[in-house]
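J.: Structure provided below as structure tokens; questions to follow.
What follows draws every value from the coordinates through simple rules; no lab data is involved. What you are looking at is a predicted structure, and each value in this text was computed from that prediction instead of being measured. Because the Cβ atoms are built from the backbone with ideal geometry, glycine has one as well, and the counts that use them run over all protein chains shown.
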Amino acid sequence: MTDVSAPNGRFSLAKIDKAWLALGLILLGLAVFATAHFQPAVVFTLQAFGRTLPFIVFAVFAVAYMKATGAENLLAKAFEGRETHMILMAALLGGLSPFCSCQVIPFIAAMLAMGVPLSAVMAFWLASPLMDPAMFSITAGGLGFDFAIAKTIAAVGVGLLGGMGTMLLKTSPVFADPLRAKPQIGGCCGVQKPFAGKPHWTFWDDSERRKTFRDTFLENGIFLAKWLLLAYVLEYMMLTFVPAEAIASVLGGEGIKPIILGALVGAPAYLNGYAAVPLVSGLIEQGMSQGAAMSFVVAGGVSCIPAAVAVWALVKPRVFAAYIGFAFVGAALAGFAWQAIA
């Protein structure tokens, strides 16, 4: 349960979870100022959440299983061999990482301390926040299996773009002496030290691993529930109060403009990769083009605050700027490709 009391015993608003607070304030606002929309909004949100629930349960179970068994240690094998091989494997495995964006900080800090090339780290950094088992399940349920597959390919492609670009430019001033003097390796998500050694697939015969499974299942379940409930309420608000013509005129149609705008808008408008799914679904219903939708989710996923903080905490600003640049270019290319296919 959230502790909302300050050390001196007084109520502290800062202690309230922002997602739950936003959800409550929106529903309160509807109840007071748009009473006729309150019940439809609640019904819409619960029905949409119910349709997504099987995907949520599967996603939460998969992540908890990976953590309890120690399967996340398999990621270390991506950072072995030649630099080009490391970049390829880092981009591929970045999308399979069970870490959240801030839990990856100590993992990457250790890799950098061991001398892993920045190019491989950049590939992993770019691909990791874009797709993971939980996000794939939620995306498939909300936007379709084809879109989820396309976003997975885009995640790997953006990782490869950043990794290869960093390797080619590693002698330039941008990537010279890239690390901060005192990296901030703390996390904001309750970082847990992964199990060492080989994966232990039958985790249920070990009490510590059972506890890890239970804690991870509950933590991620609550995390997904609060953000998706908020996102479905926002989707209702958008479908009800935002004219479809306005969305279609800005982000609809063919050509370069909606895709570039999707990438530009994705950064400041993004909540997180899970909450973005119902929002993008609503935008598509309002007239957003498929290419703009793809550029939005790719650019927003890389530049959202938790993912960006993971990079900012460890590298100097010029390297961070390159990270954002690779994300924008990769998002636009992914949007163009998906628009041509879809």
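J.: For residue 26 and residue 82, what is the calculated FRET efficiency with R₀ set at 56 Å and r taken between the beta-carbons, to the nearest 0.05?
T.: Rounded to the nearest 0.05, the efficiency is 0.60.
J.: Quick one: length gained pulling residue 264 to residue 240 fully straight, 0.36 nm per residue minus the C-alpha distance?
T.: Full extension of this stretch gives 6.2 nm more.
J.: Any chance you could run the full-extension gain for residue 250 through residue 211? It's 0.36 nm times the residue separation minus the Cα-Cα distance, nm to one decimal.
T.: The span from residue 250 to residue 211 would gain 9.2 nm if fully extended.
J.: Multiply the residue separation of residue 174 and residue 112 by 0.36 nm, subtract the distance between their alpha-carbon atoms, and state the gained length in nm to one decimal.
T.: 20.6 nm
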